[in-house]
1. Please go through the range 218-228 and pick out each residue that is in contact with a helix residue (DSSP H, G or I) (Cβ under 6 Å, 6 or more places away or on another chain) and more than 21 Å from Gly28 (Cα to Cα).
2. If a residue must be of a type outside the set (Ser, Thr, Tyr) and not in a loop (DSSP other than H, G, I, E, B), how many such residues does the range 66-86 contain?
3. Which of the following residues is aromatic (Phe, Trp, Tyr), under 19 Å from Val155 (Cα atoms) and in contact (Cβ under 8 Å) with a residue 12 or more places away in the chain: Phe104, Phe142, Phe89?
4. Which condition does Arg75 not pass, out of (1) basic (Lys, Arg); (2) touching a residue at least 12 places away in the same chain (Cβ under 8 Å); (3) closer than 21 Å to Lys123 by Cβ, if it passes all the others?
5. Return the residue satisfying two criteria in turn: it lies in the range 1-58 and is assigned to a helix (DSSP H, G or I) and polar (S, T, N, Q), and of such residues it is surrounded by the most Cβ atoms within 10 Å (Cβ to Cβ).
6. Of the numbered conditions (1) in contact (Cβ under 8 Å) with a residue 24 or more places away in the chain; (2) surrounded by 15 or more Cβ atoms within 10 Å (Cβ to Cβ); (3) within 14 Å of Arg169 (Cα to Cα), Leu261 fails exactly one; give the number of that condition.
7. Quickly run through the range 227-244 and pick out the residues that are surrounded by fewer than 18 Cβ atoms within 10 Å (Cβ to Cβ) and touching a residue at least 40 places away in the same chain (Cβ under 8 Å).
8. Answer yes or no as to whether Ser204 is buried (at least 19 other Cβ atoms within 10 Å of the Cβ), in a helix (DSSP H, G or I) and not assigned by TED's automatic domain parsing to the domain that holds Leu95.
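The values are calculated or read from the model by the stated rules, or taken from the named source; none is laboratory data. Source: prediction; values computed, not measured. Note that each Cβ is placed from the backbone with ideal geometry, even for glycine, and that neighbours are counted across all protein chains shown.
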Amino acid sequence: MSPYIEIIRPVNGVMAAVAVVVGYIVAGGAVWGASIAYAMAAAFLILSGGMAINDYYDLDIDAKTKKYRPIPSGRMKESTALAYSAVLFAVGIMLSWLVNASAFAIATTASLLLVLYAKSLSKKAFTGNLVVAVNTGLTFVFGAAVAGGVLMTEVIALAGMALFATLAREIYKSIQDMGEDKGVRETLPIKIGISKSRMIATFSLVSAVALSPIPYWAGAFNTTYMLLISLVDLGFLYTAMNGMKSKDFGREAHYCKVFQLAALITFLVGAI
């Protein structure tokens, strides 16, 4: 695989673009044209820029634990990764400007958060986890901005669900990575311990589940959504229960990602 594709983790970018579509539909977007296309491309490019710059700043860590990645493996120079990231961010932000002022503001904010995360916040307890979670939620708000419905109840509920589910996944990942993070990052589990960290992750998943009926009650989704999201909710609750006694937090992080993907598909099905 080309290092230019590998470093951006394109699957994550595609998921962000789909989230934009969901936000757009939920906010009442009906006309499909240049604006939503620009927004989808912007989300993909900005997230891709975040992935590239994160690898740039994580070189020392990846050189020890993930030597297969483009920069530590020598398939991409550090300067190339940094320039590539800058181009991705710049094009993504420019595309958001072609949508409207709200989309531009969200895209710019998300880009700044991704840069700050890569440079320093990923090494801070909880703050880094929260930044990733907030940016995930912002993808739905970004899509809603295209249709002019940023503050709609159902949009905020979707963003909240994505935020809490992502926060749980990030915390599980932090627990899993404690060994390689010691002395490098002051992550949440290193600072407050595994027990308290897993409790926060459990609370986050339960919060995501609690928010899940709101889009249906608000009239944004059909009955099929409620049937499907109930299954997703069971998956999140199962993950939360396992996480309270687990010793393999990589499994819980994986479960969170799988059920988040299922939730995203459910959002799309429910909106259509």
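1. Leu228
2. Step one: of the range 66-86, the residues of a type outside the set (Ser, Thr, Tyr) are 66-67, 69-72, 74-78, 81-83, 86.
Cutting the leftovers down to not in a loop (DSSP other than H, G, I, E, B) gives us 78, 81-83, 86.
The number of residues fulfilling the criteria is 5.
3. Phe142
4. So Arg75 meets the others, but not (3).
5. Pass one, the range 1-58, residues assigned to a helix (DSSP H, G or I): 3-6, 10-26, 34-57.
Adding the requirement that they be polar (S, T, N, Q) leaves 12, 35, 48, 54.
On the way: Asn12: 16, Ser35: 19, Ser48: 25, Asn54: 21.
Once the filter is applied, the top-ranked residue is Ser48.
6. Checking Leu261 against (1) in contact (Cβ under 8 Å) with a residue 24 or more places away in the chain; (2) surrounded by 15 or more Cβ atoms within 10 Å (Cβ to Cβ); (3) within 14 Å of Arg169 (Cα to Cα), the one that fails is (2).
7. Here is the first cut: in the range 227-244, the residues surrounded by fewer than 18 Cβ atoms within 10 Å (Cβ to Cβ) are 227, 230-231, 234, 237-238, 241-242, 244.
Across the range 227-244, the qualifying residue is only Met244.
8. On the way: buried (at least 19 other Cβ atoms within 10 Å of the Cβ): yes; in a helix (DSSP H, G or I): yes; not assigned by TED's automatic domain parsing to the domain that holds Leu95: yes.
The answer is yes for Ser204.
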